[in-house]
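Have a look at the structure below, then the notes.
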Amino acid sequence: MENIEQRVKKIVAEQLGVNEADIKIDSSFVEDLGADSLDTVELVMALEEEFECEIPDEEAEKITNVQQAVDYVKAHLGK
Amino acid sequence: MSLQGKVALVTGASRGIGRAIAESLGREGAIVIGTATSDSGAAAIAGYLQEAGLQGTGLALDVNDAAAVDAALDQIEKAHGPVAVLVNNAGITRDQLLMRMKEDDWDAVMDTNLRSVYRLSKAVLRGMMKARWGRIISIASVVGASGSAGQTNYAAAKAGMMGFTKSLAREVGSRNITVNCVAPGFIDTDMTAVLAEDYKQKLLAQIPLERLGRPEEIADAVTFLASDKAAYVTGNTLHVNGGMFMN
(Lines give C-alpha, C1' and ligand atoms only; values in the text may rest on other atoms or scores of the structure.)
Protein backbone atom coordinates (compact mmCIF):
# COMPACT_ATOMS: atom_id res chain seq x y z
CA MET A 1 0.00 0.00 0.00
CA GLU A 2 1.20 3.49 -0.81
CA ASN A 3 2.06 5.58 2.15
CA ILE A 4 -0.28 8.28 3.37
CA GLU A 5 1.76 11.14 2.00
CA GLN A 6 1.66 9.67 -1.49
CA ARG A 7 -2.05 9.03 -1.29
CA VAL A 8 -2.72 12.59 -0.11
CA LYS A 9 -0.55 14.03 -2.88
CA LYS A 10 -2.35 11.94 -5.46
CA ILE A 11 -5.73 13.27 -4.31
CA VAL A 12 -4.46 16.83 -4.23
CA ALA A 13 -3.16 16.42 -7.77
CA GLU A 14 -6.50 15.05 -8.99
CA GLN A 15 -8.65 17.59 -7.21
CA LEU A 16 -6.63 20.67 -8.03
CA GLY A 17 -5.54 19.60 -11.49
CA VAL A 18 -1.84 20.01 -10.75
CA ASN A 19 1.11 17.80 -11.53
CA GLU A 20 1.93 15.43 -8.70
CA ALA A 21 5.61 16.21 -9.13
CA ASP A 22 4.92 19.87 -8.35
CA ILE A 23 3.35 19.10 -4.99
CA LYS A 24 5.72 19.42 -2.06
CA ILE A 25 5.02 18.44 1.52
CA ASP A 26 4.72 22.09 2.53
CA SER A 27 2.71 23.18 -0.52
CA SER A 28 -0.19 25.43 0.45
CA PHE A 29 -3.37 24.52 -1.43
CA VAL A 30 -4.38 28.13 -1.98
CA GLU A 31 -1.06 29.96 -2.26
CA ASP A 32 1.09 27.39 -4.04
CA LEU A 33 -1.39 25.20 -5.87
CA GLY A 34 -3.97 27.78 -6.90
CA ALA A 35 -6.97 26.37 -5.08
CA ASP A 36 -9.99 28.57 -4.39
CA SER A 37 -12.16 28.17 -1.31
CA LEU A 38 -14.54 25.75 -3.00
CA ASP A 39 -11.58 23.65 -4.20
CA THR A 40 -10.45 23.27 -0.60
CA VAL A 41 -13.94 22.10 0.43
CA GLU A 42 -13.91 19.54 -2.37
CA LEU A 43 -10.41 18.45 -1.43
CA VAL A 44 -11.55 17.70 2.10
CA MET A 45 -14.50 15.75 0.67
CA ALA A 46 -12.09 13.70 -1.40
CA LEU A 47 -9.81 13.06 1.58
CA GLU A 48 -12.83 11.92 3.59
CA GLU A 49 -13.67 9.40 0.91
CA GLU A 50 -10.15 8.16 0.36
CA PHE A 51 -9.49 7.61 4.05
CA GLU A 52 -13.07 6.75 5.02
CA CYS A 53 -13.28 9.29 7.77
CA GLU A 54 -15.35 12.36 8.50
CA ILE A 55 -13.45 15.60 8.96
CA PRO A 56 -15.43 18.12 11.02
CA ASP A 57 -15.69 21.63 9.54
CA GLU A 58 -13.62 23.21 12.31
CA GLU A 59 -10.81 20.71 11.66
CA ALA A 60 -11.13 21.02 7.90
CA GLU A 61 -10.49 24.75 8.09
CA LYS A 62 -7.10 24.08 9.63
CA ILE A 63 -5.97 21.86 6.78
CA THR A 64 -4.34 24.33 4.42
CA ASN A 65 -1.30 22.45 3.14
CA VAL A 66 -0.19 18.92 2.31
CA GLN A 67 1.61 18.38 5.62
CA GLN A 68 -1.47 19.30 7.62
CA ALA A 69 -3.60 16.91 5.60
CA VAL A 70 -1.10 14.09 6.11
CA ASP A 71 -0.89 14.84 9.83
CA TYR A 72 -4.66 14.87 10.18
CA VAL A 73 -5.06 11.57 8.40
CA LYS A 74 -2.27 9.93 10.40
CA ALA A 75 -3.79 11.13 13.67
CA HIS A 76 -7.29 9.95 12.82
CA LEU A 77 -6.88 6.92 10.62
CA GLY A 78 -8.48 3.80 11.94
CA LYS A 79 -10.29 5.56 14.77
CA MET B 1 -36.28 13.32 -22.67
CA SER B 2 -33.87 15.73 -21.12
CA LEU B 3 -33.63 14.35 -17.60
CA GLN B 4 -33.39 10.65 -18.40
CA GLY B 5 -32.22 8.71 -15.33
CA LYS B 6 -31.48 11.79 -13.23
CA VAL B 7 -32.74 11.80 -9.66
CA ALA B 8 -35.04 14.72 -8.88
CA LEU B 9 -36.09 15.54 -5.33
CA VAL B 10 -39.25 17.62 -5.05
CA THR B 11 -40.38 18.72 -1.59
CA GLY B 12 -44.05 19.23 -0.87
CA ALA B 13 -45.09 17.12 -3.83
CA SER B 14 -48.39 15.65 -2.66
CA ARG B 15 -50.57 18.27 -4.34
CA GLY B 16 -50.74 21.59 -6.13
CA ILE B 17 -47.62 23.02 -7.72
CA GLY B 18 -45.33 20.35 -6.22
CA ARG B 19 -47.35 17.55 -7.75
CA ALA B 20 -47.36 19.23 -11.15
CA ILE B 21 -43.58 19.64 -10.93
CA ALA B 22 -43.04 16.01 -9.93
CA GLU B 23 -45.17 14.81 -12.85
CA SER B 24 -43.50 17.11 -15.33
CA LEU B 25 -39.96 16.12 -14.30
CA GLY B 26 -41.05 12.50 -14.40
CA ARG B 27 -42.27 12.91 -17.97
CA GLU B 28 -38.77 14.12 -18.86
CA GLY B 29 -37.41 10.80 -17.65
CA ALA B 30 -36.28 11.81 -14.17
CA ILE B 31 -36.56 9.44 -11.22
CA VAL B 32 -38.73 11.60 -9.02
CA ILE B 33 -38.66 11.45 -5.24
CA GLY B 34 -41.56 13.52 -3.96
CA THR B 35 -41.80 14.38 -0.30
CA ALA B 36 -44.83 15.00 1.89
CA THR B 37 -45.16 15.55 5.60
CA SER B 38 -47.28 12.45 6.17
CA ASP B 39 -47.15 8.80 5.21
CA SER B 40 -50.51 9.12 3.48
CA GLY B 41 -49.14 12.05 1.46
CA ALA B 42 -46.09 9.99 0.49
CA ALA B 43 -48.34 7.11 -0.55
CA ALA B 44 -50.42 9.50 -2.66
CA ILE B 45 -47.27 10.65 -4.46
CA ALA B 46 -46.15 7.09 -5.13
CA GLY B 47 -49.68 6.44 -6.39
CA TYR B 48 -49.93 9.25 -8.92
CA LEU B 49 -46.42 8.61 -10.21
CA GLN B 50 -47.18 4.96 -10.72
CA GLU B 51 -50.52 5.70 -12.32
CA ALA B 52 -48.85 7.97 -14.84
CA GLY B 53 -46.16 5.35 -15.52
CA LEU B 54 -43.41 7.58 -14.14
CA GLN B 55 -40.31 6.51 -12.24
CA GLY B 56 -39.95 7.40 -8.61
CA THR B 57 -41.73 7.29 -5.31
CA GLY B 58 -43.08 9.25 -2.38
CA LEU B 59 -41.23 9.83 0.87
CA ALA B 60 -42.55 11.10 4.20
CA LEU B 61 -40.21 13.88 5.28
CA ASP B 62 -40.45 16.83 7.62
CA VAL B 63 -38.12 19.37 6.01
CA ASN B 64 -37.68 20.97 9.43
CA ASP B 65 -36.08 17.84 10.86
CA ALA B 66 -32.35 17.98 10.08
CA ALA B 67 -31.63 14.38 11.02
CA ALA B 68 -34.56 13.15 8.95
CA VAL B 69 -33.35 15.13 5.93
CA ASP B 70 -29.89 13.54 6.18
CA ALA B 71 -31.37 10.09 6.57
CA ALA B 72 -33.71 10.62 3.62
CA LEU B 73 -30.87 11.73 1.36
CA ASP B 74 -28.82 8.69 2.36
CA GLN B 75 -31.75 6.48 1.56
CA ILE B 76 -32.34 8.14 -1.82
CA GLU B 77 -28.68 7.91 -2.77
CA LYS B 78 -28.49 4.24 -1.89
CA ALA B 79 -31.66 3.37 -3.76
CA HIS B 80 -31.41 5.63 -6.82
CA GLY B 81 -28.16 7.59 -6.80
CA PRO B 82 -27.28 11.16 -5.84
CA VAL B 83 -29.84 13.93 -6.30
CA ALA B 84 -29.19 15.85 -9.51
CA VAL B 85 -32.21 18.14 -9.42
CA LEU B 86 -33.53 19.63 -6.19
CA VAL B 87 -36.82 21.49 -6.23
CA ASN B 88 -37.47 23.34 -3.00
CA ASN B 89 -41.21 23.59 -3.18
CA ALA B 90 -42.49 22.81 0.32
CA GLY B 91 -44.13 25.90 1.73
CA ILE B 92 -46.79 27.10 4.11
CA THR B 93 -48.57 30.37 4.84
CA ARG B 94 -49.55 31.84 8.19
CA ASP B 95 -51.05 35.10 7.01
CA GLN B 96 -51.57 37.80 9.58
CA LEU B 97 -51.06 41.54 9.88
CA LEU B 98 -47.69 42.15 11.45
CA MET B 99 -49.37 43.92 14.37
CA ARG B 100 -51.07 40.66 15.20
CA MET B 101 -48.45 38.18 14.07
CA LYS B 102 -47.22 35.76 16.69
CA GLU B 103 -43.61 34.63 16.82
CA ASP B 104 -44.86 31.14 16.06
CA ASP B 105 -46.39 32.36 12.80
CA TRP B 106 -43.12 33.98 11.85
CA ASP B 107 -40.96 31.01 12.83
CA ALA B 108 -43.14 28.37 11.20
CA VAL B 109 -43.06 30.15 7.85
CA MET B 110 -39.33 30.88 8.05
CA ASP B 111 -38.51 27.29 8.99
CA THR B 112 -40.58 25.52 6.39
CA ASN B 113 -40.10 28.00 3.55
CA LEU B 114 -36.53 29.22 4.02
CA ARG B 115 -34.51 27.21 6.50
CA SER B 116 -35.48 24.06 4.59
CA VAL B 117 -33.91 25.57 1.47
CA TYR B 118 -30.63 26.04 3.31
CA ARG B 119 -30.78 22.54 4.74
CA LEU B 120 -31.72 20.64 1.59
CA SER B 121 -29.50 22.60 -0.77
CA LYS B 122 -26.51 22.01 1.48
CA ALA B 123 -27.29 18.33 1.73
CA VAL B 124 -27.44 17.74 -2.04
CA LEU B 125 -24.43 19.85 -3.01
CA ARG B 126 -21.78 17.23 -2.33
CA GLY B 127 -23.23 14.87 -4.91
CA MET B 128 -23.78 17.67 -7.43
CA MET B 129 -20.22 18.93 -7.03
CA LYS B 130 -18.84 15.46 -7.64
CA ALA B 131 -21.07 15.02 -10.67
CA ARG B 132 -20.15 18.45 -11.99
CA TRP B 133 -23.84 18.90 -12.78
CA GLY B 134 -26.73 20.05 -10.68
CA ARG B 135 -29.91 22.07 -10.59
CA ILE B 136 -31.33 23.72 -7.51
CA ILE B 137 -34.68 25.36 -8.15
CA SER B 138 -36.63 27.02 -5.38
CA ILE B 139 -40.26 27.96 -5.65
CA ALA B 140 -40.45 31.55 -4.46
CA SER B 141 -43.47 33.79 -4.95
CA VAL B 142 -44.44 37.01 -6.63
CA VAL B 143 -44.97 38.48 -3.16
CA GLY B 144 -41.26 38.04 -2.42
CA ALA B 145 -40.70 40.72 -5.03
CA SER B 146 -43.88 42.79 -4.83
CA GLY B 147 -44.80 42.53 -1.14
CA SER B 148 -48.22 41.63 0.16
CA ALA B 149 -50.17 42.98 3.14
CA GLY B 150 -50.67 40.24 5.70
CA GLN B 151 -47.70 38.25 4.47
CA THR B 152 -44.62 39.84 6.04
CA ASN B 153 -43.40 36.40 7.09
CA TYR B 154 -44.12 34.68 3.77
CA ALA B 155 -42.79 37.54 1.65
CA ALA B 156 -39.63 37.76 3.77
CA ALA B 157 -39.02 34.02 3.38
CA LYS B 158 -39.61 34.15 -0.37
CA ALA B 159 -37.38 37.19 -0.85
CA GLY B 160 -34.82 35.36 1.29
CA MET B 161 -34.90 32.47 -1.14
CA MET B 162 -34.07 34.81 -3.99
CA GLY B 163 -31.04 36.23 -2.15
CA PHE B 164 -29.95 32.74 -1.16
CA THR B 165 -30.27 31.67 -4.79
CA LYS B 166 -28.11 34.49 -6.12
CA SER B 167 -25.39 33.85 -3.54
CA LEU B 168 -25.29 30.09 -3.99
CA ALA B 169 -25.29 30.52 -7.77
CA ARG B 170 -22.07 32.49 -7.38
CA GLU B 171 -20.55 29.87 -5.08
CA VAL B 172 -21.13 26.80 -7.21
CA GLY B 173 -21.28 28.09 -10.79
CA SER B 174 -17.76 26.83 -11.44
CA ARG B 175 -19.01 23.31 -10.78
CA ASN B 176 -21.71 23.51 -13.43
CA ILE B 177 -24.48 23.73 -10.86
CA THR B 178 -27.19 26.27 -11.57
CA VAL B 179 -29.37 27.78 -8.88
CA ASN B 180 -32.58 29.57 -9.74
CA CYS B 181 -36.02 30.48 -8.45
CA VAL B 182 -39.40 30.28 -10.06
CA ALA B 183 -41.77 32.87 -8.63
CA PRO B 184 -45.40 31.93 -9.19
CA GLY B 185 -48.10 34.56 -9.19
CA PHE B 186 -51.70 33.74 -8.41
CA ILE B 187 -51.99 30.01 -9.10
CA ASP B 188 -55.11 27.87 -8.76
CA THR B 189 -54.17 25.61 -5.81
CA ASP B 190 -55.41 24.71 -2.33
CA MET B 191 -53.22 27.53 -0.98
CA THR B 192 -55.12 30.19 -2.95
CA ALA B 193 -58.52 28.45 -2.74
CA VAL B 194 -58.90 29.71 0.83
CA LEU B 195 -58.66 33.38 -0.16
CA ALA B 196 -61.82 35.47 0.12
CA GLU B 197 -63.74 35.92 -3.14
CA ASP B 198 -63.56 39.72 -3.22
CA TYR B 199 -59.82 39.57 -2.58
CA LYS B 200 -59.47 37.12 -5.48
CA GLN B 201 -61.40 39.50 -7.76
CA LYS B 202 -59.07 42.35 -6.80
CA LEU B 203 -56.04 40.19 -7.57
CA LEU B 204 -57.49 39.11 -10.90
CA ALA B 205 -58.00 42.74 -11.88
CA GLN B 206 -54.23 43.19 -11.62
CA ILE B 207 -53.37 40.33 -13.96
CA PRO B 208 -52.97 41.31 -17.62
CA LEU B 209 -53.68 37.74 -18.74
CA GLU B 210 -56.97 37.92 -16.78
CA ARG B 211 -56.87 34.48 -15.24
CA LEU B 212 -55.26 32.41 -12.53
CA GLY B 213 -52.24 30.37 -13.44
CA ARG B 214 -52.30 26.58 -13.52
CA PRO B 215 -49.83 24.49 -11.50
CA GLU B 216 -48.65 22.94 -14.79
CA GLU B 217 -47.53 26.36 -15.95
CA ILE B 218 -45.19 26.62 -12.97
CA ALA B 219 -44.02 23.06 -13.57
CA ASP B 220 -43.13 23.99 -17.17
CA ALA B 221 -40.86 26.78 -15.94
CA VAL B 222 -39.21 24.46 -13.43
CA THR B 223 -38.71 21.77 -16.05
CA PHE B 224 -37.11 24.31 -18.36
CA LEU B 225 -34.68 25.40 -15.65
CA ALA B 226 -33.88 21.76 -14.84
CA SER B 227 -33.12 20.96 -18.46
CA ASP B 228 -29.97 21.50 -20.45
CA LYS B 229 -31.83 24.19 -22.38
CA ALA B 230 -31.37 26.42 -19.34
CA ALA B 231 -27.71 25.50 -18.87
CA TYR B 232 -26.63 29.15 -19.05
CA VAL B 233 -29.31 30.51 -16.70
CA THR B 234 -28.27 30.87 -13.08
CA GLY B 235 -28.92 33.15 -10.12
CA ASN B 236 -32.22 34.15 -11.64
CA THR B 237 -35.84 34.32 -10.65
CA LEU B 238 -38.23 33.38 -13.40
CA HIS B 239 -41.55 35.12 -12.74
CA VAL B 240 -44.57 33.16 -13.94
CA ASN B 241 -47.50 35.35 -13.05
CA GLY B 242 -49.55 36.38 -16.06
CA GLY B 243 -48.02 39.83 -15.93
CA MET B 244 -49.23 40.53 -12.40
CA PHE B 245 -45.78 41.76 -11.48
CA MET B 246 -43.13 42.82 -13.95
CA ASN B 247 -39.52 42.91 -12.94
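Keeping the other protein chains in place, figure out the carbon and sulfur percent of the accessible area of the protein assembly as shown, with a 1.4 Å probe. Exposed carbon and sulfur together represent 49 percent of the surface.
Per the Kirkwood definition applied to all pairs of different Cα atoms, how many angstroms is the hydrodynamic radius of the stretch A:4-76?
For the stretch A:4-76, the Kirkwood estimate is 11.8 Å.
Could you tell me the distance between the Cα centroids of the stretch A:30-79 and the stretch B:5-33, to the nearest Å? Using only Cα atoms, the two centres lie 36 Å from each other. The heavy atoms of A:Val41 present about 70 square angstrom of accessible area, all protein chains included, probe 1.4 Å. Here's how it looks for B:Gly56: its modeled amide H is under 5 Å from those of B:Val32, which are all 5 or more places away or on a different chain. Counted over all Cα-Cα pairs of the stretch B:143-247, pairs farther apart than 21 Å make up 40 percent.
To the nearest 100 Å², how much accessible surface do chains B and A cover up together, summed over both, with a 1.4 Å probe? When B and A are taken together, about 700 Å² of accessible area is lost.
Rounding to the nearest 20 debye, state how big the charge dipole of chain B is about its Cα centre with +1 on each Lys and Arg Cβ and -1 on each Asp and Glu Cβ. Please report the intermediate quantities before stating the final value.
Numbers: 24 positive and 25 negative charges, 175 e Å.
With only Lys, Arg, Asp and Glu charged at Cβ, the dipole is about 840 debye.
What's the local net charge at B:Ala13, with K and R +1, D and E -1, over the other residues with C-beta under 11 Å away? If you can, show how the numbers build up before the last one.
Values: positive: B:Arg15, B:Arg19; negative: B:Glu23.
Value of the local net charge: +1.
Considering chain B as a Gaussian network with a 10 Å cut-off on Cα pairs, which listed residue, B:Arg214, B:Arg175, B:Arg100, attains the greatest mean-square fluctuation? Ranking B:Arg214, B:Arg175, B:Arg100 by mean-square fluctuation puts B:Arg100 first.
Mind scanning A:Lys24/B:Lys130; B:Lys6/B:Lys166; B:Lys6/B:Lys102; B:Lys102/B:Lys202 and naming the pairs with a C-alpha gap bigger than 32 Å? Numbers along the way, then the final one.
Details: A:Lys24/B:Lys130 25 Å; B:Lys6/B:Lys166 24 Å; B:Lys6/B:Lys102 41 Å; B:Lys102/B:Lys202 27 Å.
Pairs exceeding the cut-off: B:Lys6/B:Lys102.
Between B:Ser138 and B:Asn88, B:Asn180, B:Cys181, B:Val182, the built amide H atoms are under 5 Å apart, and every one of these is 5 or more places off in sequence or on another chain.
Loop-located chymotrypsin sites (Phe, Trp or Tyr not before Pro) in the stretch B:139-247 (DSSP state not H, G, I, E or B) with no more than 14 neighbouring Cβ atoms inside 10 Å: B:Tyr232. Placing +1 on each Lys and Arg Cβ and -1 on each Asp and Glu Cβ, with no other charges, gives the stretch B:1-126 a dipole about its Cα centre of roughly 320 debye.
When the Cα positions of B:Gly26, B:Gly134, A:Pro56 are compared along the charge dipole of the protein assembly as shown, B:Gly26 comes out farthest toward the positive end, with charges on each C-beta of Lys, Arg, Asp and Glu. Amide H contacts of B:Val240 (H built 1.01 Å from N, in plane; Pro and chain starts excluded): B:Ala183, B:Gly185 sit under 5 Å, all sequence-distant by 5 or more or on other chains.
The values are calculated or read from the model by the stated rules, or taken from the named source; none is laboratory data. This structure is a prediction, so every number in the text was calculated from the model and none was measured. With ideal geometry, Cβ positions are generated from the backbone for all residues, glycine too; neighbour counts draw on all protein chains shown. Calculation scope for accessible area: heavy atoms of the full protein, side chains included, ligands and nucleic acids excluded. Shrake-Rupley method; radii C 1.70, N 1.55, O 1.52, S 1.80 Å.
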